[in-house]
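Remarks on the structure that follows.
Each value in this text was obtained by applying a stated rule to the coordinates, not by laboratory testing. Note that the structure is a prediction, hence the values are computed from the model and not measured. Quick reminder, even Gly has a Cβ in these numbers, built from the backbone with ideal geometry, and neighbours come from all protein chains shown.
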Amino acid sequence: MEPAFWPNGLPGPDQENGVNPVVSNLTGYDNEKTYYFQSDVTAQLAVPGVEGWTIDGTIAYDRMFFNRKRWQKPWTLYHWDGTRDENGEPVLTGVQSGVPEPRLTQESDNASEILLRATTRYETTIAEDHNATFLLGTEWQKGEREDLYLFRRFFPTDQLDLLFAGGTNQQDLSGTASHEARLNFFGRINYNYRQKYLLELVARYDGSYIFPEGDRFGFFPSISAGWRLDQEPFFNALTGGFFDMMKLRTSYGQTGNDQIEPYQFLATFGFNGQFGYGDGLGTRIAPTRVPNPNITWEVATQFDIGVEGAILDNRLTFDLTYFNHNRDDILWWRNEAVPETAGFSLPRENIASMKNSGFEAQLTYSQRLSQNVQVRGGTTFSYAHDEVKYFAEAEGVLPWQRNTGRQWNTGLFYLTDGVFNDQAELDSYPHWAGARPGDIKFIDYNEDGVINGDDRVRVDENGIPDVIGSFNAGATIGRVDLYILFQGAAQVRQYVRAGGVGEFGNYFMEDAEGRWTPETPENNKPRAWNRVDPYWASNNNDYFLRDAKYLRLKTARIAYTFPQGVLQTLGGLGQLQVYLTGRNLLTWSPLKTMDPEIRNQAAHEYPLERAYTIGIQMGF
């Protein structure tokens, strides 16, 4: 165990990365200040003489100012190698940590945005049964931004944190400016007949600065309809009035996406080194991107159909929806047209497509059992699976490595079959160079007698769960209120590897317990390994690909509400309630090394905390 301070007051050594918390106040500072100004003015006009016709207008203006000053200083930690001086005192060696010399970074960011919106709305009822609402509108938005970045190092002293004092060698003085603008037109018609037949038509004509003239605007329509079956006499006769409410609904529509890198239709250039010119040097400018003059909107087409209803005097309600969403014209590279040996890549084009489909279900129940007892509960369940339909995958990709037809953002992994228990087993099976007894055994998937990149397999699961669900239940018994909430996920995997490098620190206990050693060669967990060893550093494999499904008691709450008689004795309080709440109380999961909800393979996040809250709620 290393001390935080040595007896003479000098700070002790670090565990790794040069960090010892006791010197955190000596490392400099990082000050950030952000100022916001936000405003909007809205006005509405009811058109005289025309009932139900209104005109609305909004003007909004926002400004943001950001400033940052970061001062970094080196610090010294002291190590002891066990030697002592003639007086018997430990001989400490100072080791500088952090940055090699003082350095200063200053940043500023100024942004503004203005929004103008105008809408007109008309509501009417015809012959008492036909209800309609018409809406037309337009919206204009413009934003501007400028930022400045200044950096200097090689300060002569760590006591002068002003930019002028830094050296000019390796300084960085840069800045950027950007602007954006959008113009949208939209309309909506809502119609219903006696609240029995429901229809909505929506259309948008959106324009974005992201795209070139000629492809700047996109038209995106949608339609939705509903049918209240419970208001049909034939349905009630057929079901014997079993349903208190029954509604069928469906919708189909399109939306556009412009959340992409702007100006891809323009060729861009950047400074690219220097060249000799006469007796001096000239700066070379070279192209940095091949433009695509035909870039346009990505389009999402959504279809869903569902049913919702209520039975048992509205005590039990349900909602079930099936959805199928397709994204087309996604920007992607023509990987099948340009080999990697070409040394360049074509611009992204609107060629890729994906599908996401599944269903969602919700069930709720509430009933008053007596004057003093009420129970309630509910559950939700959803299943959603995405699939890559097309993204110009190269023809030469091996069938078991293709992404087309599988989920997006999946990885290639070596499949494993335990470990090499001894040298004889290692010699009898194909393996990577440098393999040792106790190392993971990678499967020769294509059975060619060689372990290489062709043996990797695309695993059709990732860190986003296909299945998500929850369950809640509650009861009010007299003045006591109880509530619990469970949540969970399934069909999800996390790639879990210990962070850091080398053989020291940040290993999971799960990997250390029961591992292979020369004394226990029968153990089927890999030996202790060095994370910079190429055998371990570069070969992603399914040993570290862990099942991350879980069920968690997310919330539990108990509360007591005091009667009015007690409140009167406490000075006339209108309401008084005390409660105890617990969060993240229990978790069941095969993944034990980290929180299964964390999407970070090395667990570089603060562990999930179990929290208890005691509170008092008062009303006057």
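Using C-alpha positions alone, give me the convex hull volume of the range 1-75 per residue in cubic angstrom.
Details: hull volume 12.6 nm³, N = 75.
Convex hull of Cα atoms, per residue: 167 Å³.
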Next item on the list: Give, in nm to one decimal, the length gained when the segment between ILE189 and THR380 is fully stretched (0.36 nm per residue of separation minus the Cα-Cα distance).
Entry: 65.6 nm
Checklist line | In Hz, Karplus ³J(HN,Hα) per residue of the range 263-269 (6.51, -1.76, 1.60; θ = phi - 60°; x = Gly, Pro) | finding: 6, 6, 7, 10, 6, 10, 10
Next item on the list: Determine Rg/Rh for the range 69-191; Rg is computed over alpha-carbon atoms and Rh is the Kirkwood hydrodynamic estimate from the same atoms.
Entry: 1.50
Next item on the list: With only Lys, Arg, Asp and Glu charged, each at its Cβ (+1 for the first two, -1 for the last two), find how big the charge dipole of the range 21-65 is about the Cα centre; round to the nearest 20 debye.
Entry: 200 debye
Notebook entry, point to check: Short version: ³J(HN,Hα) in whole Hz for each residue of the range 313-321, in order, from phi by Karplus 6.51 cos²θ - 1.76 cosθ + 1.60 (θ = phi - 60°), x for Gly and Pro, what are they?
Noted result: 6, 6, 6, 10, 10, 9, 8, 10, 9
Note to self: What lysines does LYS549 reach when the alpha-carbon gap must be under 19 Å and sequence neighbours fewer than 8 apart in one chain are set aside?
What the structure shows: LYS592
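Rounded, prolate or oblate for the range 195-290? Axes are the square roots of the Cα gyration tensor eigenvalues, ordered a ≥ b ≥ c, and the cut-off for rounded is a/c under 1.5.
Values: a/c = 10.01, a/b = 4.84, b/c = 2.07.
Because a/c hits 1.5 or more and a/b exceeds b/c, the range 195-290 counts as prolate.
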Item checked: For the chain, with +1 on Lys and Arg beta carbons and -1 on Asp and Glu, the positive-most of ILE614, GLY218, GLN106 along the dipole -> ILE614
Next item on the list: May I ask you to list the lysines whose Cα is less than 19 Å away from that of LYS33, ignoring any residue fewer than eight positions away on the same chain?
Entry: LYS69
Checklist line | In order through the range 397-407: 3J(HN,Hα) via Karplus (6.51 cos²θ - 1.76 cosθ + 1.60), integer Hz, x for Gly, Pro | finding: 5, 4, x, 7, 10, 5, 8, 4, x, 10, 5
Check: Ranking ILE59, ILE285 by Cβ neighbours within 10 Å, fewest first, what do you get?
Finding: ILE285, ILE59
Notebook entry, point to check: With the dipole of the range 321-403 worked out from charges on the C-beta (+1 for Lys and Arg, -1 for Asp and Glu) around the Cα centre, which of TRP333, ALA394, SER357 lies farthest toward the positive end?
Noted result: SER357
Next item on the list: Return the distance in nm (one decimal) between the two label points of a simple spin-label model at THR250 and GLN362, each offset 7 Å from Cα along Cα→Cβ.
Entry: 2.2 nm
Next item on the list: Name the residue farthest towards the positive end of the dipole of the range 1-159 from the options THR83, GLN159, LEU45, assuming +1 on Cβ of Lys and Arg, -1 on Cβ of Asp and Glu, about the Cα centre.
Entry: GLN159
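Using only helices, what value at 222 nm comes out for the chain when you add -39,500 (n - 2.57) per DSSP H run of length 4 or more and divide by the total residues, to the nearest 500 deg cm²/dmol?
Numbers: 5 runs with 26 residues, N = 620.
Computed ellipticity for the chain at 222 nm equals -1000 deg cm²/dmol.
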Next item on the list: With label points built 7 Å along Cα→Cβ from the Cα atoms of LEU266 and ASP147, find their separation and express it in nm.
Entry: 1.8 nm
Checklist line | Distant-in-sequence amide H partners of VAL457 (H built 1.01 Å from N, under 5 Å) | finding: PHE413, TYR414, LEU415
Check: Rg and Dmax of the chain, Cα atoms, in Å?
Finding: 32.8, 108
Item checked: Set of lysines with alpha-carbon distance to LYS247 below 21 Å, sequence-local pairs under 8 removed -> LYS196
Notebook entry, point to check: Put a dot 7 Å past each Cα toward the Cβ at MET618 and THR93; how far apart are the dots in nm?
Noted result: 6.4 nm
Item checked: Placed amide H near SER97: partners under 5 Å, 5+ positions off or other chain -> TRP75, THR76, LEU77
Next item on the list: Quote the charge dipole size of the range 120-196 about the Cα centre in Debye, to the nearest 20; the model charges only the Cβ of Lys and Arg (+1) and of Asp and Glu (-1).
Entry: 340 debye
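What's the magnitude of the charge dipole for the chain around its Cα centre, counting Lys and Arg as +1 and Asp and Glu as -1 at the beta-carbon? Answer in Debye, nearest 20.
Details: 55 positive and 80 negative charges, 390 e Å.
Using Cβ point charges on Lys, Arg, Asp and Glu, the chain gives about 1880 debye.
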